[in-house]
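K.L.:
Quick one: the structure is below, questions incoming.
Just so you know, all these numbers are worked out from the coordinates, no wet-lab data involved. Quick caveat: nothing in here was measured; it's all calculated off a predicted structure. So basically every Cβ, Gly included, is an ideal-geometry build from the backbone, and we count neighbours across all protein chains shown.
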Amino acid sequence: MIIFQTFVVLVMIVAAVAAARFGDLLNAVIACALVSLMASIIFYFLQAPDVAMAEASIGAGLTTAIFIFAINRTVRYERNEKTD
């Protein structure tokens, strides 16, 4: 059980770093959803199933859906850098 919990924490850390480093907003939002999902698993192991369900539904589900909706409604501008 300790190995699985360590794995969940490591996935959470890697996803958080990836969310901060991604240049694409959609990838960053998906990485943040993964962090929230891993947090809900940690809450479940800490014997707080009500908090785990709230984190999974609101943190991973609803917030991610709102962010994806907002990203799709905005216009993306790409920088064109010419190399000499």
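K.L.:
Considering only region 31-55, state which residues are buried (at least 18 other Cβ atoms within 10 Å of the Cβ) and either of a type in the set (Val, Ile, Thr) or touching a Ser or Thr at 6+ places or on another chain (Cβ under 6 Å) (or both).
P.N.:
Correct list: Ala33, Val35, Ile41, Ala52, Glu55.
K.L.:
What number of residues within region 32-47 are assigned to a loop (DSSP other than H, G, I, E, B) and in contact with a helix residue (DSSP H, G or I) (Cβ under 9 Å, 6 or more places away or on another chain)?
P.N.:
Adding up the residues that qualify gives 1.
K.L.:
I've got another one for you. Could you give every pair whose Cβ atoms fall below 8 Å, whose first residue belongs to region 57-71 and is farther than 12 Å from Leu25 by Cα, and whose second residue is surrounded by 15 or more Cβ atoms within 10 Å (Cβ to Cβ) and of a type in the set (Ser, Thr, Tyr), counting only separations of at least 6 or pairs across chains?
P.N.:
Qualifying pairs under 8 Å: Gly59/Ser36; Gly59/Ser40; Ala60/Ser36; Ala60/Ser40; Thr63/Ser36.
K.L.:
Could we say that Ile66 is surrounded by 13 or more Cβ atoms within 10 Å (Cβ to Cβ) and more than 10 Å from the chain's Cα centre (by Cα) here?
P.N.:
Judged against the criteria, Ile66 is not a match.
K.L.:
I'd like to know if region 34-42 contains one or more residues that are out of contact with any Phe, Trp or Tyr (no Cβ under 8 Å at 6 or more places or on another chain) and either farther than 27 Å from Asn72 by Cα or aromatic (Phe, Trp, Tyr) (or both).
P.N.:
The answer is yes, given that some residue of region 34-42 is out of contact with any Phe, Trp or Tyr (no Cβ under 8 Å at 6 or more places or on another chain) and either farther than 27 Å from Asn72 by Cα or aromatic (Phe, Trp, Tyr) (or both).
K.L.:
Something else: Answer yes or no as to whether Val75 is among the aliphatic types (A, V, I, L, M) and loosely packed, with under 12 Cβ neighbours inside 10 Å.
P.N.:
Yes; evaluated as a whole, the condition is true for this residue.
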